[in-house]
Amino acid sequence: MNIPFEIHRAPGTMRARVEDLRRDGRRIAVVPTMGALHEGHLALLRAARAQADIVILTIFVNPTQFGPNEDLSRYPRDETGDLAKARSCGIDLAFCPEAAAMYHAGAQTFVDVLELAKPLCGASRPGHFAGVATIVTKLFHITLPHVAVFGEKDYQQLAIIRRMVRDLDFAIEILSVPIVREPDGLAMSSRNAYLSIEDRRAALSLSAGLAAAQAAYAAGERAATTLLAAARAPIEAEPLARIDYVELRDAEELTPVERVEHRSVLAMAVVVGNETRKTRLIDNRVIG
Ligand code: PAF
């Protein structure tokens, strides 16, 4: 039986509502987001819909996962538009708290997944994944889901959340959904909204790099140095793109691999734009 759509802003009332629904035997799915919803998010919501009786969307631009010089203040926000899109996917509840409701003054506790958070984005965004793991833990405690759905574009984030759920015995199933791409290959991202026409064109070098490495792998190449050179070439040829990292890592442990003999992830972060306008984009592809 459907329930009337509700938006909750206070953690206490959100949790009380879910406690009632759980008492009624409903299976709960949550899709945590920072808003600025695009087709990638809608794919998460549809996957959640197929998994549960009640789908909760959370929208919270989490300050603790942004570094001091990152884009917290300009991160795109459109709650009304987001809720309209999400409701078209059949969500039941939305949790949209204010920052003050989520972080207690004097908070001293955070969740840090140690090794998985060190390489890749963790190296250039210190503290980012502790912010993610902490807010996801809090969102889990507030929305009490049976299943939580995350996108595979944030590959390292997904690996960290899976490990956290395992290590801390959360009784929550983590479901992941493949990257949704624009027709020309660009991975969907809320940050694509920052791209100028030239940046948007330069941003295609990421998916071109992944495709080049995949083609080399399909042709029999297994050496990481060669696969990485193939992945880097289109990005290095692009004047508006600067590589943060392009790496091949074990798909589970995120340790470096020299030869692709088992499931590995080719992950990249690239800054696109000129001196005055920079957008950091990530993308990845699992190979092997
Ligand atoms: O992937 C995101 O949008 C965020 O990192 C998340 C998981 C909602 C935590 O703020």
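Quick note: the coordinates plus some simple rules give every number you see, no bench work behind them. Just so it is clear, the model here is predicted, and its values are computed rather than measured. Because the Cβ atoms are built from the backbone with ideal geometry, glycine has one as well, and the counts that use them run over all protein chains shown.
Using only DSSP helix segments of four residues or longer, with each worth -39500 (n - 2.57), what per-residue ellipticity at 222 nm results for the chain after dividing by its residue count and rounding to 500?
Working: 10 runs with 107 residues, N = 288.
Counting only the DSSP helices, I get -11000 deg cm²/dmol.
At a 10 Å Cβ-Cβ cut-off, how would you order 30, 270, fewest neighbours first?
Numbers: 30 28, 270 24.
Listed from fewest to most nearby Cβ atoms, that is 270, 30.
Could you give the length gained by full extension between residue 271 and residue 88, i.e. 0.36 nm per residue of separation minus their alpha carbon distance, to one decimal place?
62.6 nm
Which of the listed residues, 88, 58, 274, is farthest toward the dipole's positive end in the chain, when Lys, Arg count +1 and Asp, Glu count -1 at the beta-carbon?
88
Subtract the Cα-Cα distance of residue 181 and residue 77 from 0.36 nm times their separation in residues, and report this length gain in nm to one decimal.
Values: separation 104, 0.36 × 104 = 37.44 nm, distance 2.14 nm.
Length difference between fully extended and current span is 35.3 nm.
Give the angle, between 0 and 90 degrees and rounded to the nearest 10, that separates the Cα long axis of helix 79-88 from the longest principal axis of the Cα atoms of the chain.
Roughly 90 degrees, rounded to the nearest 10.
Determine, for 88, 196, the number of other Cβ atoms within 10 Å of each Cβ, and report the residues in order from fewest to most. Show your work: numbers first, answer last.
Details: 88 10, 196 14.
By the 10 Å Cβ count, ascending: 88, 196.
Whose amide H sits under 5 Å from the amide H of residue 58, counting only residues 5 or more places off or on another chain, with H placed in the peptide plane?
31, 33, 95
In degrees between 0 and 90, to the nearest 10, how far off the longest principal axis of the chain does helix 224-236 point, with axes built from Cα atoms?
Helix 224-236 sits at roughly 90 degrees to that axis.
Could you list which residues have their amide H under 5 Å from that of residue 181, counting only those 5 or more apart in sequence or on another chain, with H placed in the peptide plane?
Long-range HN contacts for residue 181: 188.
Against the longest principal axis of the chain, how steep is helix 128-143, in degrees 0 to 90 to the nearest 10, with axes from Cα atoms?
The helix 128-143 is inclined about 30 degrees to the chain.
May I ask you to derive the relative contact order of the chain, considering only C-alpha pairs under 8 Å and at least 6 residues apart, and to give it as an integer percent?
Details: 516 pairs, mean separation 48.1, N = 288.
Once divided by the residue count of the chain, the mean separation gives 17 percent.
Spelling out what I want: for every residue of region 31-36, take phi, set θ = phi - 60°, compute 6.51 cos²θ - 1.76 cosθ + 1.60 (Karplus), and round to whole Hz; glycine and proline get x.
Residue by residue, region 31-36 yields 10, x, 9, 9, x, 6 Hz.
Would you mind ranking 245, 194 so that the residue whose beta carbon has the fewest other beta carbons within 10 Å leads the list? Spell out each step's value before the answer.
Working: 245 14, 194 20.
Exposure proxy ranking, most exposed first: 245, 194.
In nm, what is the difference between 0.36 nm times the number of residues separating residue 141 and residue 24 and their Cα-Cα distance?
On the way: separation 117, 0.36 × 117 = 42.12 nm, distance 1.86 nm.
Contour length minus the Cα-Cα distance gives 40.3 nm.
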